[in-house]
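Structure first, commentary second.
The values are calculated or read from the model by the stated rules, or taken from the named source; none is laboratory data. Fair warning: this is a prediction, and the values are worked out from it, not measured in the lab. Reconstructed Cβ throughout: ideal geometry from the backbone, glycine too, with neighbour counts over all protein chains shown. To get the accessible areas, we keep the full protein, side chains included, count just its heavy atoms, and leave off ligands, DNA and RNA. Shrake-Rupley method; radii C 1.70, N 1.55, O 1.52, S 1.80 Å.
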Amino acid sequence: MDDFDVVVVGAGPAGAAAALAARRAGASVLLLDKAGFPRDKPCGDGVAPHALDVLAGLGVTGVEDGFAPVPSLRLVGPAGGAVARRHARPAYTIPRLVLDERIVDGAVAAGAVLRRHTVRRIEERPDRVVVDGMVSARAVIGADGAYSAVRKALGQPPNGPGHLALAIRGYAPFAGQPAEQRIVTASREWPAYAWAFPIGDGTANIGYGEVLHGRPVSRAHLLDRLAELLPDVDTAAATGLRAHHLPLSTRRPAPARGRLLLAGDALSLINPFTGEGIFYAVLSGALAGAAASGDAPGQRYAAALRGRLGRHLRHSRAAALLGGRQWIVNAAVRAADRRQAVFDDLIELGLGDGTLTPRTVGAIARHVVTR
């Protein structure tokens, strides 16, 4: 049986970041993924500068090379009001086919061992964890997505209705369109929105998603809503259309137990306000990898995650609850259109680790009163 200090299940951004952090702490690391790289992953492909900061701290830079920064965001509210402003720091649209391979290459260059393998069985022993009877480790990090095998081993079910979204994404012609991210919220099937994120090569990642509430949602429905909300985009010409589930952070399992840790989508770390997950993935992965390299990994990780993201996650949950009322979202759009500072606060809350500041809450409340 092979033996490592840390085994990471899933080599996406969360898993690769975990491997990087564990290697920086001096641990031997095995990184497992069911797919070979490069491989596609359905996603909006939006990468906020916050995620790049975390990766740079792990020694991986240049993942955005070759992709033009996207300087602005246009947000359309359910009632049709809109705000279009520049980001404090530009975002990027980097297809996961490229992004994930660049991060995992960094992990391999740092000394992690990458193997293609589908994990099916995890056995906890007093001092080790055994994976599929073939490898043991002091700690195992589950970074294997919404239907994580490690999460299942912890006895935690997947997210259910109200805490799970379904989205479809593809790539469509976008030449001649403004260099801005576009999010168009929908008054039907609320909360729901469509997006168009330009890549910089004349195409854009486009998609539509909505929170599931227990009733079936068909592919045809998703595509119809996508076309309706993006009427000036040739959605019929979209390629690579794939649907995917997003486990929202409003219903998270315990982040760890003993020697088993969860990161990224496996921990339901998807921002319920925006659907963003890349920043959460690399940050939680980095915290998990560092914690898994020492004693009491589960306790260390839970404490680190709570200290780094606890306050933000409470505020993002509050924002999601408030955002369930369309008139509050319309007021937020008007407030952001009036003041750059409010816009910046909302971006930090939706793409990074920001909070609902008194300034923003007050501005939204004033627009609610005067609506």
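For segment 191-196, 3J(HN,Hα) computed residue by residue from phi via the Karplus equation (6.51, -1.76, 1.60; θ = phi - 60°) reads x, 7, 7, 10, 9, 9 Hz, glycine and proline entered as x.
Principal-axis analysis of the Cα atoms of the chain puts helix 278-292 at an angle of about 20° to the longest axis. Rounded to the nearest 20, the Cβ-based charge dipole of the chain about its Cα centre (Lys and Arg +1, Asp and Glu -1) stands at 1160 debye.
The residues of the chain expose on average 41 square angstrom of accessible surface per residue, using a 1.4 Å probe on protein heavy atoms. Tell me, what % of the accessible area of the chain is carbon and sulfur with a 1.4 angstrom probe? Answer for the chain: carbon and sulfur cover 53 percent of the accessible area.
Working note: Karplus 6.51/-1.76/1.60 with θ = phi - 60° gives segment 17-30 the couplings 5, 4, 4, 4, 5, 5, 5, 5, 8, x, 7, 7, 9, 10 Hz, where Gly and Pro are set to x. Against the chain, whose longest principal axis is taken from its Cα atoms, helix 219-229 shows a tilt of about 40°. Here the 3J(HN,Hα) profile of segment 61-78, calculated from phi with Karplus coefficients 6.51, -1.76 and 1.60 at θ = phi - 60°, is 10, x, 5, 8, 4, x, 10, 6, x, 9, x, 9, 9, 10, 10, 10, x, x Hz, Gly and Pro shown as x. Give me the angle, in degrees from 0 to 90, between the Cα long axis of helix 96-109 and the longest principal axis of the Cα atoms of the chain, rounded to the nearest 10. On a 0 to 90 degree scale, this one is about 30.
Note on segment 57-164: dipole from Cβ charges, positive end direction compared against Val76, Pro157, Val129; the farthest Cα belongs to Val76.
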